[in-house]
Amino acid sequence: MNATPKNPTPVPRAEIVKLEGVGRSYGAGDLSVHALRGVDLAVRSGELAALAGPSGSGKSTLLNLVAVLDRPTVGRVVVDGVDTGTLSPAGTSRLRRDRIGFVFQTYNLIPVLTAFENAEYVLMLQGRPAAERRERVMAVLEVVGLAGLERRFPRELSGGQQQRVAIARAIAAEPALVLADEPTANLDTRTAGALLDLMVGLNEDKGVTFLFSTHDPEVMSRARRVVRLRDGVVEADEVRAPAARARS
Ligand SMILES: Nc1ncnc2c1ncn2[C@@H]1O[C@H](COP(=O)(O)OP(=O)(O)O)[C@@H](O)[C@H]1O
Ligand SMILES: [Mg+2]
């Protein structure tokens, strides 16, 4: 990836994620835990936004709501213009399959599938023809720096390489939004930095929208927008000048 500055022409962008008065509680009565409390948040198409906050602040809960893996106790979660509370099970599956990519802290690659097959997975679910799948997978593996490693199984790849496969899988179908829950948590500092470079590059060069969580200040410092959660509340929402792209 090169460091060519992009034309900063502002384009009106759609809100791909909108949370309105969102609360999520677990349990009932005196024992209930309020994981999120009255969260309002909008993420626009084309953003790279970090969800920051200490352990237990509600980051995973928020991402799970946006991923429609969970439902709010109160409030509305709108993803890609759809109120997720109104979706049927089939509609939920379609939204998740066609519009959202996921990257997990623990990679979640399928161990018996190669890097190629893992990256191909969503395209298979979408029923895309083999030739198109092959073309797209080879292109995304190249983008994430894994050209030549297509036939490796996850156990034959380093943690950083496995996370790159997870990113390839998440972006292969060109989703409107990529969600990542602490994607760098299991990586050493240098590998985490390289992964962030990759995400920043995909955001700037290909317009991929990312909403990812982290509690690593170094990772946070690379995001243009940082939404800070504390005890289930948005404590700060800062948009900063983009950091220079690190050389790796
Ligand atoms: N399934 C659950 N049942 C009960 N409490 C939960 C559950 N998931 C999360 N919590 C609680 O909700 C709060 C927020 O958790 P979480 O969203 O995982 O935070 P983070 O990802 O920022 O570490 C924590 O107090 C956590 O213990
Ligand atoms: Mg978490």
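Rule-based calculations on the coordinates, nothing more; no lab input. The shown structure was predicted, so the numbers you read here are calculated from the model rather than taken from an experiment. Using ideal geometry, Cβ is built from the backbone for each residue, glycine included, and neighbour counts are taken over all protein chains shown.
Give a residue-ordered list of calculated ³J(HN,Hα) values for region 153-168 (Karplus: 6.51 cos²θ - 1.76 cosθ + 1.60, θ = phi - 60°; whole Hz; x for Gly, Pro).
Those phi angles translate into 8, x, 5, 9, 10, 6, x, x, 5, 5, 5, 5, 4, 4, 5, 4 Hz.
Please report the antiparallel percentage of the DSSP beta bridges confined to the chain, to the nearest 5.
Taking every DSSP beta bridge with both residues in the chain, the antiparallel ones total about 55 percent.
How would you rank Lys59, Lys18, going from fewest to most other Cβ atoms within 10 Å of each one's own Cβ?
By the 10 Å Cβ count, ascending, the order reads Lys18, Lys59.
Arrange Val233, Val178, Val112 by Cβ neighbour counts within 10 Å, fewest through most, would you?
Fewest to most other Cβ atoms nearby, the residues stand as Val112, Val233, Val178.
Within a 10 angstrom radius of the beta carbon, how do Phe102, Phe210 rank from fewest other beta carbons to most?
Exposure proxy ranking, most exposed first: Phe102, Phe210.
Quick one: which of 129-140, 180-191, 160-171 comes out on top by average Cβ neighbours within 10 Å, and what's the full order, highest first?
160-171, 180-191, 129-140
Indicate the gyration tensor shape class of region 189-246 (rounded, prolate or oblate), computed on the Cα atoms with a ≥ b ≥ c the square roots of the eigenvalues: a/c under 1.5 is rounded; otherwise a/b larger than b/c is prolate and the rest oblate.
The shape class here is prolate.
Run a plain Debye calculation on region 95-248 (Cα atoms as equal point scatterers, no solvent) and give log10 I(q)/I(0) at q = 0.09, 0.13, 0.14, 0.17 Å⁻¹, rounded to two decimals, same order as the q list.
The computed values of log10 I(q)/I(0) come out as -0.28, -0.58, -0.67, -0.97.
Taking only DSSP H segments of four or more residues, each worth -39500 (n - 2.57), what value at 222 nm results for the chain once the sum is divided by all its residues, to the nearest 500 deg cm²/dmol?
-9500 deg cm²/dmol
Which shape class applies to region 139-226: rounded if a/c is under 1.5, otherwise prolate when a/b exceeds b/c and oblate if not, where a ≥ b ≥ c are the square roots of the Cα gyration tensor eigenvalues?
Note, shape of region 139-226 comes out oblate.
Considering only the other residues whose Cβ falls under 9 Å of the Cβ of Leu19, what net charge follows from Lys and Arg at +1 and Asp and Glu at -1?
0
For region 1-160, what class follows from the C-alpha gyration tensor (a ≥ b ≥ c being the square roots of its eigenvalues): rounded when a/c is under 1.5, otherwise prolate if a/b is larger than b/c, else oblate?
prolate
Cα centroids of region 46-98 and region 157-174: how far apart, whole angstrom?
About 21 Å separates the Cα centre of region 46-98 from the one of region 157-174.
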